[in-house]
1. Which residue pairs have Cβ atoms closer than 8 Å, lie 6 or more positions apart in sequence or on different chains, and pair a first residue in the stretch A:28-41 that is within 14 Å of chain B (Cβ to nearest Cβ) and more than 13 Å from residue A:5 (Cβ to Cβ) with a second residue that is near the ligand (Cβ under 8 Å from one of its atoms) and in a helix (DSSP H, G or I)?
2. Within the set of pairs 6 or more residues apart or between chains, which connect a residue that is over 20 Å from residue B:33 (Cα atoms) and at the interface with chain A (Cβ under 10 Å from one of its Cβ atoms) inside the stretch B:148-167 to a residue that is modelled with pLDDT of 95 or more and part of a helix (DSSP H, G or I) with Cβ atoms less than 6 Å apart?
3. Residues that are within 17 Å of residue B:150 (Cα to Cα) and facing another protein chain (nearest Cβ under 9 Å): does the stretch B:36-44 have at least one?
4. Determine whether the stretch B:7-29 contains at least one residue that is in contact (Cβ under 8 Å) with a residue 60 or more places away in the chain, facing chain A (nearest Cβ under 10 Å) and surrounded by 16 or more Cβ atoms within 10 Å (Cβ to Cβ).
5. With the requirement that a residue be in contact with a helix residue (DSSP H, G or I) (Cβ under 6 Å, 6 or more places away or on another chain) and within 8 Å of the ligand (Cβ to nearest atom), what does the stretch A:1-34 give you?
6. Taking only pairs six or more apart or across chains, which ones have beta-carbon atoms under 9 Å, a first residue in the stretch B:168-181 that is at the interface with chain A (Cβ under 7 Å from one of its Cβ atoms), and a second residue that is surrounded by fewer than 17 Cβ atoms within 10 Å (Cβ to Cβ) and in a helix (DSSP H, G or I)?
7. For residue B:84, are the conditions met, namely being at pLDDT below 75, within 12 Å of chain A (Cβ to nearest Cβ), in a helix (DSSP H, G or I) and farther than 22 Å from residue A:67 by Cβ?
8. Looking only at the stretch A:43-62, decide whether some residue is modelled with pLDDT of 90 or more, out of contact with any strand residue (DSSP E or B) (no Cβ under 6 Å at 6 or more places or on another chain), within 16 Å of the ligand (Cβ to nearest atom) and farther than 30 Å from residue B:46 by Cβ.
Ligand SMILES: [Zn+2]
């Protein structure tokens, strides 16, 4: 091994970070070569000088300040999380308002329609209505105009119709119990 | 309805947090020492230490437990923009010439070796600040490599892991870094 090769490896040699064969080769070379040996001594001095530096003592309360910085950071990330949710909810405020308005109008219409229709449901005389009333008496009632039986509409809750009196004999209609048909 | 603090996620987060606070108390001195050598003054060292821990907390879920925690912290620190932290305006910038003033001076004086004479103290203080000045002249990567290897005593493999580079790069940075340091420290090294 020549001097230039040895000098390129001296730093790793002082750290014992060379393969065994190279460590031995360098050791032999350093024993016989004053130039490389001087180089080795300087490198070792630098390493030892830095290794011998006193650890710098942190200022008092550093750990507490780090912990409170982390508190702030995690608090801020929670706030961000909330803000993101709010942001998501307000991404389409226009559409949401439109949907809400439409639903409101729809509900109002149903209420009005249901309220008016209830008392005046005419029922086809002497017709079998079991198929309708058996289906779900609490939720459905037959509608009127133009349609003989069918046209089922969702009942305008929240006042579910508790029972229906169905009479095909009397020629009456289908209505909630206790309700008298206006004449 | 159960409060958020009763949920499994919250309990895990709380446990992680407790564990992390313990790690802060255990490692902050060591990290501060490296930060001090990287930054060259106490105010920047504190900033760098805090940034390192805050970032470590944010990515704690990514920490692989087979890596020593201090090496992982070094890795985070080496990815932080030390030079940007150094440029931030500070309320009290401390001179590089007085690195020991901000560091619990009195406590440190008490634990000093009694056998050390005043001349030795002066010399070691002078050498310390001179070595710090010289360290500051190295580029960030060379500086970190020398600090981790020579001051913290990490192996080449550990340095390469902490700095995200090859072992060959560590070796060459140390070789060139030490040469630069040696030239600048020559008058001091020849005295010793
Ligand atoms: Zn030689």
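1. Going by the 8 Å Cβ cut-off, the qualifying pairs are A:40/A:30.
2. B:167/B:156; B:167/B:160
3. yes
4. Checked against the condition, which is being in contact (Cβ under 8 Å) with a residue 60 or more places away in the chain, facing chain A (nearest Cβ under 10 Å) and surrounded by 16 or more Cβ atoms within 10 Å (Cβ to Cβ), the stretch B:7-29 yields no hits at all.
5. Listed by number, the residues that qualify are A:3, A:6, A:7, A:29, A:30.
6. B:175/A:8; B:181/B:137
7. The answer is no for residue B:84.
8. There is at least one residue in the stretch A:43-62 that is modelled with pLDDT of 90 or more, out of contact with any strand residue (DSSP E or B) (no Cβ under 6 Å at 6 or more places or on another chain), within 16 Å of the ligand (Cβ to nearest atom) and farther than 30 Å from residue B:46 by Cβ.
The values are calculated or read from the model by the stated rules, or taken from the named source; none is laboratory data. This structure is a prediction, so every number in the text was calculated from the model and none was measured. For neighbour counting, all protein chains shown are included, and Cβ atoms are generated from backbone atoms with ideal geometry for every residue, glycine included.
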